[in-house]
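Read the figures in this text as sums done on the coordinates, not as results from a lab. Values in this document were obtained by computation on a predicted structure and should not be read as measured data. Note that we place each Cβ from the backbone using ideal geometry, even for glycine, and neighbour counts take in every protein chain shown.
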Amino acid sequence: MAKGLYINMSSKDLIKQIIEKIPEKDMADLAKSSKTVNIELTDSDPFRIAIGEGKISIADGKAEKADATVKCSDQVLGDIITGKLNAFSAFMSGKVTVSGDLFFVQKMITVLGKGK
């Protein structure tokens, strides 16, 4: 799907759409894990991404116990997911912070990228 089709979508809605398009082989590799990632947005409500049992799900609010937490603006997260912004560059420049399992977050972003 072209990047332009994601204009004016929240990062949460963007992730929901992309999850449906992730190739099964890529999803299977990620879903072997059982992890939760909290997404704390500076300009929108927090949500969490839960991975396990062969699927990825999204829910409102933060999990009490998360394996990782990503903090950034909604725009930055959307730009990372659509490929307009390199995740490593965003991390190094301080546009996004990650606490907890950084390697899993990196893997998750890579898999989400395969669904766009």
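Brief remarks follow.
- Anchor Lys62: aspartates and glutamates whose Cα lies under 12 Å away (excluding residues fewer than 8 positions away in-chain): Glu40, Asp45
- Between Gln17 and Lys107, the modelled label-to-label distance comes to 2.8 nm, taking each label 7 Å out from Cα in the direction of the beta carbon.
- For Leu85, nonlocal amide neighbours, meaning residues 5 or more places apart or on other chains whose placed amide H falls under 5 Å from its own, are Ile80.
- The HN-Hα couplings worked out from phi for the stretch 22-28 by the Karplus form 6.51 cos²θ - 1.76 cosθ + 1.60 (θ = phi - 60°) are 5, x, 4, 5, 6, 5, 4 Hz, whole numbers, x standing for Gly and Pro.
- By the count of neighbouring beta-carbon atoms within 10 Å, fewest first, Asp79, Asp60 end up ordered Asp60, Asp79.
- In the chain, the calculated helix contribution to ellipticity at 222 nm averages -10500 deg cm²/dmol per residue, counting -39,500 (n - 2.57) for every DSSP H run with n ≥ 4.
- Taking every C-alpha pair closer than 8 Å and separated by at least 6 residues, the mean separation divided by the residue count of the stretch 32-88 gives a relative contact order of 34 percent.
- Here the chain carries DSSP beta bridges of which approximately 75% are antiparallel, counting only pairs with both residues inside.
- Scanning residues 5 or more positions from Gly115 or on other chains, none has an amide H under 5 Å from its amide H, with H placed 1.01 Å from N in the peptide plane.
- Whole-Hz Karplus values for the stretch 86-100 come out as 6, 4, 5, 4, 5, 5, 5, 8, x, 6, 9, 10, 10, 10, x Hz, taken residue by residue from phi with 6.51 cos²θ - 1.76 cosθ + 1.60 and θ = phi - 60°; glycine and proline positions read x.
- The charge dipole of the chain, taken about its Cα centre with unit charges on the Cβ atoms of Lys, Arg (+1), Asp and Glu (-1) only, comes to about 280 debye.
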